[in-house]
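The values are calculated or read from the model by the stated rules, or taken from the named source; none is laboratory data. This one's a predicted model, so the numbers in the text were calculated from it and none came from an experiment. Here the Cβ positions follow ideal geometry from the backbone for every residue, glycine too, while neighbour counts run over all protein chains shown.
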Amino acid sequence: MNRSQFGLESLAQLTSRGVMLAAGFAQFLYLTRTLGPAGYGLYSVVFSLTQLVCLLVEPATASGLVSMLAGHAQGREFARTCVRIALGLGVLLTLAMWGLAPPIAWLLQTPELVGPLRCLAPVVLLQTLSWQSALCLFGEGRWYAPASSFSLMWLTRLVAGWALVESGWGVLGAAAAIPLSLLIQLVANQLQGAFWVWQTGTMPLRDWWAHSRHLVTGSMLHNALFGAELPLLKRFVPVTDAGQYAVAQNLGLPVQTAAQSLMPLIQQRLAKTWTAGQPEQFRLLSQLGIRLWICVGVGVAALSPLASELGRLMFGSRYESSGRVAQILLFDVGLRLFLMFNLHTLAAQQRREPISRMYLQAALPLLLMQALVLALGGRFWTGDVWSGEFWSGEQASQLLILGAGSCVVRSLVLAWLSFAHVRTELSLSFPWRTLGRALAAAAVAAWLATRVPGTGWAVLGQLALLAGSYAILLRFLGESVKIQN
């Protein structure tokens with residue numbers, strides 16, 4: 001692939017991510033304001049439950065598709081095997097979600113969950129197949145096709161969600177737009193060349209598992225850790241407070257999504273350097289990336305003082321209490337960016353065993369930690385953890401803050417463990433000087449931004465001042481992106 005072609009295909013991917021950000025953010029603003037905290041909380045909990053099931057299935061059926069299709073003689077057989085496994089699991093789990101909707105609603109003490117949960121049940125099948133077909137197109141070098149279908153899916157979700165909610169369907173309408181958009185994406189991928197996945201010729205399951213097991217294990221445990229957050233919290237608080245928490249989560253989503261769009265490009269550059277037999281250049285690029293994402297992560301955390309005003313501007317006064325939670329969760333987003341880069345660095349080296357080993361060691365203790373924080377936090381105020389009653393008012397607000405704090409601890413532990421593996425593989429030391437410069441620049445930039453009045457739209461001026469002064473101060477303190485031996 002020549003440089004101009006790579007640039008155009010990269011631009012296509014960034015454009016599709018831009019469409020996703022714009023359409024997703026527009027839908028997010030519309031639903032929060034139209035459905036209100038209770039309705040948006042119900043929608044968010046149902047969406048999180050569905051995504052948790054999807055993210056437990058996708059690693060088993062999508063891990064390694066791109067690399068296998070790009071460089072393995074049995075790439076197509078491997079892909080067809082993944083599609084058939086996804087079809088079987090998808091149908092079973094869709095039926096299971098439909099049948100188990102009432103017990104799940106009872107467990108979370110929210111009868112209103114049944115209808116939306118059944119409405120989203122087909123997402124498990126459709127999302128897995130549509131993502132697989134997109135990865136198959138990626139693996140065969142057809143970057144434009146999945147980019148266009150991805151954009152079409154998000155635009156369909158925005159328009160269909162708006163039309164159904166405005167027609168009076170409320171939460172059910174917002175939920176129904178999701179499987180509809182995924183079906184359109186799946187059909188578009190098939191029409192653009194992914195139809196071959198349904199042809200004959202598969203790989204033996206033993207060989208498939210040999211290629212997939214480490215990525216599957218690590219990805220499934222990672223998704224369980226990060227996907228269980230909102231459903232777990234919902235067990236202890238009313239749906240209105242769950243809506244406040246969901247809004248706080250989404251405040252840092254644009255930055256996180258933009259970073260996720262760049263990570264595959266970074267991983268590709270690292271992987272090409274590694275396969276070209278340039279370990280020293282790979283080490284230097286990894287060192288640069290670690291410094292870069294430390295600076296970006298600290299910069300995201302520096303937005304914390306502006307979180308309440310930004311939330312009030314975007315979502316209205318009804319989400320007032322989400323501000324304090326968002327201030328904490330921005331630190332979680334910063335840590336997750338650093339974690340993502342470490343995982344992509346290990347994957348670029350084809351070092352999948354450390355990833356699965358790390359999650360096998362850490363997933364269960366961290367999940368238990370989050371559950372105990374919420375359960376014991378409520379016990380301090382009520383005296384009975386499983387009383388069957390929701391904690392409300394100030395108690396619920398405190399639980400939201402405790403839940404957010406436990407997420408920061410979770411991401412901090414995983415970020416450090418992942419870096420420990422990178423450090424071992426590449427003989428790197430942690431760039432404490434970079435961290436010190438970033439923290440100093442962030443503290444000064446945040447102080448400067450809060451000295452300027454930031455009520456209403458003026459908070460955008462504060463945001464621009466913070467970002468600009470942070471970048472300038474980093475440079476002034478001597479932080480450079482130049483790679484040096």
Listed by range, helices (runs of 4 or more DSSP H) wholly within region 63-149 having at least 3 residues that are surrounded by fewer than 21 Cβ atoms within 10 Å (Cβ to Cβ) are 65-71, 75-107, 114-120
Considering each of 173, 201 in turn, give the residue that is in the same structural domain as residue 75 (by TED's automatic domain parsing) and on the phi > 0 side of the Ramachandran plot. 201
Residue in region 307-317 that is buried (at least 18 other Cβ atoms within 10 Å of the Cβ), among the aromatic types (Phe, Trp, Tyr) and at pLDDT 90 or above present: no
Inter-residue pairs, beta-carbon under 8 Å, first in a helix (DSSP H, G or I) and in region 213-225, second of a type in the set (Asp, Glu), 6+ apart: 214/353; 219/58; 223/58
Exactly one of 404, 420, 438 is modelled with pLDDT of 90 or more, in contact with a Cys (Cβ under 7 Å, 6 or more places away or on another chain) and closer than 30 Å to residue 227 by Cβ, and that one is 438
Within region 75-104, which residues are in contact with a Gly (Cβ under 9 Å, 6 or more places away or on another chain) and at pLDDT below 90? 75, 76, 77, 78, 79, 80, 82
Any chance residue 160 is assigned to a helix (DSSP H, G or I), of a type outside the set (Lys, Arg) and under 15 Å from residue 185 (Cβ atoms): yes
Going through 326, 276, 307 one at a time, which residue ends up being free of Cβ contacts under 8 Å to residues at least 40 places away in the same chain and of a type in the set (A, V, I, L, M)? 276
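Name the residues in region 275-310 that are of a type in the set (D, E, K, R), over 30 Å from residue 244 (Cα atoms) and either touching a helix residue (DSSP H, G or I) at 6+ places or on another chain (Cβ under 6 Å) or not assigned by TED's automatic domain parsing to the domain that holds residue 464 (or both), would you? Write out each step before concluding.
So in region 275-310, the residues of a type in the set (D, E, K, R) come out as 280, 283, 291, 309.
Restricting the remaining residues to those that are over 30 Å from residue 244 (Cα atoms) gives 280, 283, 291.
Residues satisfying the conditions are 283, 291.
Being crowded, with 19+ Cβ neighbours inside 10 Å and either basic (Lys, Arg) or within 30 Å of residue 404 (Cα to Cα) (or both) is the requirement here; does residue 158 meet it?
Details: crowded, with 19+ Cβ neighbours inside 10 Å: yes; either basic (Lys, Arg) or within 30 Å of residue 404 (Cα to Cα) (or both): yes.
Here the answer is yes, as residue 158 does meet what is asked.
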